[in-house]
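Everything on this sheet refers to the single structure shown next.
The numbers here are math on the coordinates, done by the rules we state, and not lab data. Note that the coordinates shown come from a computational prediction; the quantities given were computed from them, not determined experimentally. Glycine also receives a Cβ, built like all others from the backbone with ideal geometry; neighbour counts cover every protein chain displayed.
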Amino acid sequence: MQRRPLLPTLSALALAACFGSALAQQPVLNIYSARHYQTDEALYDDFSKATGIKINRIDGDDNGIYSRLKSEGAASPADVVLMVDAARLWRGEIEGLFQPVKSAVLQARIPATLRSKDDGQGSQWFGFSTRARVVVYDKTRVQRADVDTYEKLAAPVNKGRLCTRSGSHPYNLSLFGAMTEHLGPQGTETWLKGLVDNMARAPKGGDTDQIKGVASGECAVAITNSYYLARMMRSGKPEDRAVVEKVAVVFPNQADHGTHVNIAGGAVARHAKNRDAAVKFLEYLASDSAQNYFANGNNEWPAVAGLRSQNPALLALGDFKTETVPISVIGMNQVKVQQMLDRVGFK
């Protein structure tokens, strides 16, 4: 967050009084953000240059931001909330932490499957970038045909091969919520039990750790968000390049419902004091320039339909079929999914 320093002396206070009127006219937008990507700085700077609106940002994890918004209540200074997962956005929606937004720009540019339902009454959010939940595998030990669907990860052929992060992490909760729509609750629970049975070791670490686990031989198959792999593909570090050389990637379920895609998105905070500036910022995130920042800066696909990125890693990964389960439905499934995880012992 860009904080104004406190003025400790009377002379400084007097100087502030002289210029107080001018400073009061400078519009300010307060953002609570769970996006921790250094490359986003250019995104914020360009918005400020284009609009004259200064950005004050508070970074935190999703739980910290939710707790802060709830404890602050109507006194919260937050104008915009940025999150990096559908389950997190859905949680903010059902807890009433956002407000409805009427914007022809957002309605036109953000596909209906990547935003919450627009009923004009409740909390509303919008997805601004997408990332696929892909499978990486050891290309010397695993046949692509054995891991080309999410369902096959639970098959006996993959016994002792699988690495993953915690089942309760929002990235996995969202994938499992989507699978509930494809397999039904009972089928999904059986599948989750198969994943547990096939694990090479207990869930731990982040998505990058899963990719490295495959390269090191700790496991042979892993689930990761696409931008973690793309980041390593673009890295100049020899150790990252060595990892990439040892693994292959597959977009699951291309022959049927398509690969699960998650989002990073944002909303106007329920008690936003600068609502007009907040809506303007969300509309900016849907612009071509901002969409390209998401793609080139953090290796995410643009949310705006038909907009193609020139990111070399994304181009190398190629086109793929995505599932069409609405993000809001995936979020609603997370409670039942967590109960399944507890029953099958998926830590």
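Brief remarks follow.
- Placing unit charges on the Cβ atoms of the charged side chains and taking the dipole of the chain about its Cα centre, the candidate lying farthest along the positive direction among ALA242, PHE294, ILE94 is ALA242.
- Listed from fewest to most Cβ neighbours within 10 Å, the set ARG231, ARG275, ARG133 follows the order ARG275, ARG231, ARG133.
- For the chain, size of Cβ-based charge dipole, Lys and Arg +1, Asp and Glu -1, in debye: 380 debye
- Estimated FRET transfer efficiency when R0 is 56 angstrom, pair ALA75-ARG201 (beta carbons, to 0.05): 0.75
- From most to least packed by mean Cβ count within 10 Å, the peptides 123-132, 28-37 give 123-132, 28-37.
- Counted charge near MET233, where neighbours are those whose Cβ lies closer than 13 Å (Asp, Glu -1; Lys, Arg +1): +3
- Net charge of neighbours whose Cβ lies under 14 Å from the Cβ of GLY206, counting Lys and Arg as +1 and Asp and Glu as -1: +2
- For the chain, the share of DSSP beta bridges that are antiparallel, to the nearest 5, is 65%.
- The order of the peptides 94-105, 65-76 by mean Cβ neighbours within 10 Å, most packed first, is 94-105, 65-76.
- Computed about the Cα centre, the dipole magnitude for the range 137-208 is approximately 360 debye when only Lys and Arg (+1) and Asp and Glu (-1) carry charge, each at its Cβ.
- Across the options SER129, VAL28, PRO312, the greatest Cα extent toward the positive end of the charge dipole of the chain (unit charges at beta carbon of Lys, Arg, Asp, Glu) belongs to VAL28.
- Paramagnetic label zone (point 7 Å from Cα along Cα-to-C-beta, GLN186; backbone N under 11 Å) in the range 143-167: none
- Placing a pseudo-label 7 Å from each Cα along the Cα-to-Cβ vector at THR140 and GLU218 gives an inter-label distance of 1.8 nm.
- Cα gyration tensor shape of the range 167-290, rounded if a/c is under 1.5, else prolate or oblate by comparing a/b with b/c: oblate
- Each peptide in 157-165, 179-187 gets a packing score, the mean of other Cβ atoms within 10 Å over its residues, and the list from highest to lowest is 157-165, 179-187.
- Cα-based shape type of the range 227-347, given that a ≥ b ≥ c are square roots of the gyration tensor eigenvalues and the cut on a/c is 1.5: oblate
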